Number of protein chains: 2
Amino acid sequence: MQGVKSRSRVVIENVQPEVDAGRFPIKRTVGDNVVVEADVFADGHDEINAVLLYRKGEGGGPWSSVPMTPLGNDRWTARFTVQAVGLYAYTVRGWIDHFKTWRRDLRKRLQAGQDVSVELLVGVELVQRAAQRAEDADAEKLRAVVQTFTETALRDEQVQVLLDDEVFRLVSLYPDLRLATSYGRELAVVVDREKARFGAWYEMFPRSCAAEPGRHGTFKDLEGRLSYVAGMGFDVLYLPPLHPIGSQYRKGKNNAVSAKPDDVGSPWGIGAVEGGHKAVHPNLGTIEDFRRLIARARDYDIEIAIDVAFQCSADHPWVKAHSEWFRKRPDGTIQYAENPPKKYQDIYPIDFESEDGESLWDELKSVFLFWCDQGVRIFRVDNPHTKAFGFWEWCIGEVKKEHPDTIFLAEAFTRPKVMYRLAKLGFTQSYTYFAWRNTKHELMQYLTELTQTPVKEFFRPNFWPNTPDILTEHLQHGGRPAFMGRLVLAATLAASYGIYGPAFELCVNRPREQGSEEYLDSEKYEIKHWHLDDPEGLHDFIARVNGIRRTNPALASNERLRFHPINNDQMLCYSKTTDDLSNVIVVVVNLDPYHTQAGWVELPLDQLGLDWHQPYQLHELLGEARYLWQGPRNYVELNPQVVPAHVFRIRRRVRTERDFEYYL
Amino acid sequence: MQGVKSRSRVVIENVQPEVDAGRFPIKRTVGDNVVVEADVFADGHDEINAVLLYRKGEGGGPWSSVPMTPLGNDRWTARFTVQAVGLYAYTVRGWIDHFKTWRRDLRKRLQAGQDVSVELLVGVELVQRAAQRAEDADAEKLRAVVQTFTETALRDEQVQVLLDDEVFRLVSLYPDLRLATSYGRELAVVVDREKARFGAWYEMFPRSCAAEPGRHGTFKDLEGRLSYVAGMGFDVLYLPPLHPIGSQYRKGKNNAVSAKPDDVGSPWGIGAVEGGHKAVHPNLGTIEDFRRLIARARDYDIEIAIDVAFQCSADHPWVKAHSEWFRKRPDGTIQYAENPPKKYQDIYPIDFESEDGESLWDELKSVFLFWCDQGVRIFRVDNPHTKAFGFWEWCIGEVKKEHPDTIFLAEAFTRPKVMYRLAKLGFTQSYTYFAWRNTKHELMQYLTELTQTPVKEFFRPNFWPNTPDILTEHLQHGGRPAFMGRLVLAATLAASYGIYGPAFELCVNRPREQGSEEYLDSEKYEIKHWHLDDPEGLHDFIARVNGIRRTNPALASNERLRFHPINNDQMLCYSKTTDDLSNVIVVVVNLDPYHTQAGWVELPLDQLGLDWHQPYQLHELLGEARYLWQGPRNYVELNPQVVPAHVFRIRRRVRTERDFEYYL
């Protein structure tokens, strides 16, 4: 440390991964590796050693130690595997290794034919000291080495005794750490379960699930829809807010300023006499119904995710009971949400500068814990960027202390630094700009930022081609081929993705008005009755894509996404592989929903484990066709009216005459 | 902070410049700007404000505050100027600005024709609160605003009163900082005097300065050489160690293992019965002579720099008095320096793992302070990378506490991360790899790293084309043109540079043997008598180059070095400018010492303040020629046998008929 006389000579700096100088944890899922690198060096020419230290939990306890390997240029590396959900810590330690230095130098002296008698005495002294540090049997072995050394006067024998590999191994086990240097910081890893990294989400409004038109759907109706959702291969079913909806200032259909008597209102207008964030809308059923839904969903391997939107209708119980949590206007009224001159009088935002922040934070946290008690472990958080950052870090930390398997998805469509800050603070996953990234250049640039820069350590993207708020121009104009293309992109570029259905699979694409991204007759303000059996629907296609995701582990992570050249700006080519290249997926997408496009792909054969001299098979998984390619450069043509994408699994081995049974 | 319920909503991150998360200071010289940027943002859509805070000194005290300006994408900037040698601190503070938010929104509401009666009450309340925070006259003014507001019932007048620019200015002067956010760290700036950034160094062995051959030169002889050194335009005269030289294991000529009786030994074999690091070699004179030399040099605007090499000959007084500062071998002898199998028995390295580190560090520090007392303020530190890093940080800090104008030059030619660490720890300047960077690609890459990356914040390069240890192959083979070319590169690429003379200006280029970078008959081991009046010498050329440096402030800094395309790989083109473009220097160097080379230069006219439509004049400062160019692309040809470089000063204005006295 600065200004302190320290005899520790080793320096440790530039430890990676590290987010904002260790202010925030990195993210991993169970079974992942944490590959750590650090600059470790000392003055002079002595040999040094370094270890990666790691441990489970926050509260201290003994470190596990992994020897680090030099990479050259004073960079060292080691890795550990995170085995369980929760927090891990890691750091680096380095020290001068006098025995290793001595051994290296002795060999040089011997080669130069020098007298080494004094050096041998130095060596045996180092062994002696290691013996003092060693435990039981090892100490005995090292003392025996000293003994053997002392008993012979023959230089060659002494040399042999001290340079023995086993002696080196034993001495190295008990380094002199009195002057070791520890990296100043302990770095944290938040380890989540696999679904934090890999999942297919489906968003659906429960109230639109009734079997017959016009009726308000219930949790029971939703149970009946589980097989439909599971049939498409989704494993997270995300439901918009389930709470009672306020009636004051309720919005009508198509966001009309005032509701008609039979208008159901927006589920995000939370709170009524029946209750607030811990109540369910009476028309949906009871809490018990909800708990049964969760259990039934589990039978389909579907996990229910709910929406947490910290805002209140004027009728929310908090408004009366805790008016101090809201901003008051000089006329005594409560400040509604605004984006001047627009007014959202149906929504009261919470005031995070409230003098009574203590009780407010506790109450908000208790909302998550309440739903955890009902069995929910995935929360989609509405507009977290309009609530105080500090609150999220505290709240997510508190909830995870009790339920470390909880997943928080940040629904923030805002400026980049705000999005990244929320991820650093603890959100498990984040919505992204994917919906608005449509050209080849945009997609390559954005995906490179998300997967190849330090952003990947804390920001886990969840790709949504549509949401109830976002019907992009591309979908509005591109028709069915655009829906198919965007689905393949979302599902294969990002390990986590989702769609808002049934609008998506039914290719619903009419906006409220020209230039708007709002749906016409949006489900946000009315009950819909969907014709799920529309033959033009994408159910089967989606089921196929999700099936491909499940059977190809390369698609379960973003770590090894790489783009490849293709000589057509309307076509995008990329690959994902497993670490060991046992699963190699190559995707080619025609980004133009109108015309057939073709191009020559260039694959990096070495990186994909392919041999330049052997043909390889491309198994097209969407259509089950098989192609035989050789060399890096190959032709692809895609008619968007048929399928705008190829998802190839590369099968390295092609049968030849040598496989024919009579060949030998 | 994590885990604490805080109502502060603003976030500050990614503050630049910042070295290793604030672990180390940045470096500046007196009069420099510190341009600070930071990401500052809050949740939601409220307006925010940010200030850069800075102060002189270490010990706290009041901050000066500079408003930050938004750059877009949540990035803010501000700057301050460092006015004095010593330490400065800076940090960033941000807060929600409710009055600014209110003002922005009121305007939107008015434009939309909304009723703003309640909003006006909000506004006047904010003014009232500002009045409570304001001082004296300002408080009175703000109370008067409230008064005026209250006394009128006319909405338009009320609006006018509250939206008044002066009211905004006054309220902004007294922000509500109760919920302000401070960046967690105070960042440090080490401010040095100008010579830390800009200086021309000359290295010379005092013992070779006698007027007649064979005699041991003295400080008095050196006084006689000052006019020669000043005549070439150097302002730092650096002397190798001045101490008594050990006789045990003394090295002979050309580093021979044993010295002949009349061999003078290496000045780096420090210490004899006459004394150690605080004594001068009796043959050079007395300490008083040395002090007089310093005073005489000052008359020539030359500052004397001395060498501090922390190593001892076997005869050094420390060896007897403090054998605990050295490593002992089992046979009781002291460990000499080694790079096995090579032995340097004339040198005992200091053991920084010594149990008696306390007294050792104090004694080493006292060496610097002793020479400071003699009037020295520039130290060239020999091989700092073989002494403990922690020692340097402590020692440089301690010396600068007493003498903040002290300059430390690190003579470390070692691995990049070690070089950079030494600079971070406090070395004012550093030797570099410049001597071995000879091709266009190497020079561009290295200079870009040094001047365009965060390295520039802590590492100040000092470029040496030769040293007593380094006679590069390029100089060995390239003859006089190579010496001229390397001089121009060193002197114009780096604001600080130096040569080892008279070997350099006399183009001495014979190595001890093929493949060696050591000089034949090196001055390190013998007294030389130089023929300074050699007509082939580069004295006049060097004087001209140093003159150009002194009269062109663009060359006094590395901040605005830019390379420019030239279509010949043997030619290098770059420019340096002052901030305000009042001084623009363009340099073209022929890197090939053997052949005439020519190429087309492409200059970025806009960046150099030039007009595409007007001719501009290039005043060639080495030869006083003048060229007229127009447009970015122009031809340059350089014959290395004449001069291998052009140093152009661009003069923007060319006289035309309009300047002719009868024109009007």
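The values are calculated or read from the model by the stated rules, or taken from the named source; none is laboratory data. Values in this document were obtained by computation on a predicted structure and should not be read as measured data. Quick reminder, even Gly has a Cβ in these numbers, built from the backbone with ideal geometry, and neighbours come from all protein chains shown. Accessible surface areas use protein heavy atoms only, side chains included; no ligands, DNA or RNA. Shrake-Rupley method; radii C 1.70, N 1.55, O 1.52, S 1.80 Å.
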Whole-Hz couplings from phi, Karplus 6.51/-1.76/1.60, listed for the stretch A:9-21; x for Gly and Pro: 9, 7, 10, 10, 8, 6, 6, 10, x, 7, 9, 6, 6
Residue of chain A whose Cβ sits closest to the axis mapping A onto B, with distance in whole Å: A:21, 2
Computed P(r) (all Cα pairs; the protein assembly as shown; 10 Å bins; percent): 1, 7, 12, 15, 16, 16, 14, 10, 6, 2, 0, 0
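Rank A:87, A:487 by accessible area, highest first, at a 1.4 Å probe radius?
Values: A:87 55, A:487 0 Å².
Order by accessible area, largest first: A:87, A:487.
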Using a 7 Å Cα-to-Cβ projection, residue A:403 label spacings across copies, nm, ascending: 6.7
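Can you compute the FRET efficiency between residue A:179 and residue B:299 using 1/(1 + (r/R0)^6), with r the Cβ-Cβ distance and R0 = 56 Å? Round to the nearest 0.05. Kindly include the intermediate steps, with their values, before the conclusion.
Details: r = 49 Å, r/R0 = 0.88.
Working from the Cβ atoms, E equals 0.70.
Whole number please: convex hull volume per residue of the Cα set in chain B, in Å³?
Values: hull volume 155.9 nm³, N = 664.
Taking only Cα atoms, chain B has a hull volume of 235 Å³ per residue.
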Under-5 Å amide H pairs with residue A:179, H placed in peptide plane, nonlocal only: none
Shortest-first distances to equivalent copies, position residue A:617, nm, label 7 Å out along Cβ: 8.0
Rough spin-label spacing in nm, given labels placed 7 Å along Cα→Cβ, for residue A:441 and residue B:255: 5.7 nm
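For residue B:194 and residue A:606, what is the calculated FRET efficiency with R₀ set at 60 Å and r taken between the beta-carbons, to the nearest 0.05? Don't jump to the answer; show the numbers that get you there.
Details: r = 54 Å, r/R0 = 0.90.
According to the calculation, E is roughly 0.65.
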Acute angle (nearest 10 degrees) that the helix B:440-452 long axis makes with the longest principal axis of chain B, alpha-carbon atoms: 50 degrees
Counted charge near residue B:480, where neighbours are those whose Cβ lies closer than 12 Å (Asp, Glu -1; Lys, Arg +1): -2
On Cα atoms only, tilt of B:416-425 relative to the major axis of chain B in degrees: 70 degrees
Distance from the stretch A:415-430 to the stretch A:152-181 (C-alpha centre basis), Å: 51 Å
In nm, spacing of pseudo-spin labels at residue B:286 and residue B:136 (7 Å Cα→C-beta vector): 6.2 nm
Residue B:374 paired with residue B:658, simple spin-label distance in nm, labels 7 Å along Cα-to-beta-carbon: 6.2 nm
Crossing angle, helix A:539-551 versus chain A [Cα axis fit, 0-90 degrees, rounded to tens]: 10 degrees
Area of residue B:457 that stays accessible when all protein chains are in place (1.4 Å probe, Å², to 10): 30 Å²
Inter-centroid distance (Cα atoms) of the stretch A:303-371 relative to the stretch B:99-146, Å: 25 Å
5 angstrom amide H check on residue A:48, placed H, neighbours 5+ away: A:97
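Suppose we look only past 16 Å in the calculated P(r) of the stretch B:562-663. What percent of the Cα-Cα pairs does that tail hold? Numbers along the way, then the final one.
Details: 2973 of 5151 pairs.
That fraction is 58 percent.
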For the stretch B:183-328, diffusion coefficient by Stokes-Einstein and Kirkwood Rh (Cα), 25 °C, 0.890 mPa s, µm²/s: 143 µm²/s
Within 10 Å of each Cβ in B:36-48, the average number of Cβ atoms from other chains: 4
Ordering of B:217-224, A:355-362 by packing [mean C-beta count within 10 Å, highest first]: B:217-224, A:355-362
Cα-based shape type of the stretch A:307-456, given that a ≥ b ≥ c are square roots of the gyration tensor eigenvalues and the cut on a/c is 1.5: oblate
Residue-wise HN-Hα coupling along the stretch B:642-650, computed from phi with Karplus coefficients 6.51, -1.76, 1.60 (Hz; x: Gly, Pro): 8, 9, x, 8, 10, 10, 9, 9, 7
Span from the the stretch B:433-508 Cα centroid across to the the stretch B:209-260 one, whole angstrom: 24 Å
Accessible surface of residue B:100 - all protein chains present, 1.4 Å probe, nearest 10 Å²: 60 Å²
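Rounded if a/c is under 1.5, else prolate if a/b is larger than b/c, else oblate: which is the stretch B:414-464, with a ≥ b ≥ c the root eigenvalues of its Cα gyration tensor? Present the calculation step by step, with values, prior to reporting the outcome.
Details: a/c = 2.06, a/b = 1.57, b/c = 1.31.
Taking the square roots of the gyration eigenvalues as a ≥ b ≥ c, the stretch B:414-464 is prolate.
Which loop-located GluC sites (Glu not before Pro) does the stretch A:465-550 contain, where loop means any DSSP state but H, G, I, E or B and the Cβ has at most 11 other Cβ atoms within 10 Å? Can you show the working numbers first?
Working: sites: A:473, A:505, A:513, A:517, A:518, A:523, A:526, A:536; in loops: A:505, A:513, A:517, A:518, A:523, A:526, A:536.
Those that pass, being in a loop and sparsely packed, are A:513, A:536.
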Other-copy label distances relative to residue B:658, 7 angstrom Cα-Cβ extension, nm: 8.1
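Does the stretch B:99-173 classify as rounded, prolate or oblate by the C-alpha gyration tensor (a ≥ b ≥ c root eigenvalues; a/c under 1.5 gives rounded; else a/b over b/c gives prolate, otherwise oblate)?
On the way: a/c = 2.27, a/b = 1.59, b/c = 1.43.
Prolate is the answer for the stretch B:99-173, as a/c is 1.5 or above and a/b outweighs b/c.
How much mean residue ellipticity at 222 nm does the protein assembly as shown get from its helices, if each DSSP H run of length 4 or more adds -39500 (n - 2.57) and you divide by all residues, to the nearest 500 deg cm²/dmol? Walk me through the numbers before you get to the answer.
On the way: 28 runs with 368 residues, N = 1328.
Value at 222 nm, helices only, nearest 500: -9000 deg cm²/dmol.
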Probe 1.4 Å - accessible area at residue B:312, Å² to nearest ten: 0 Å²
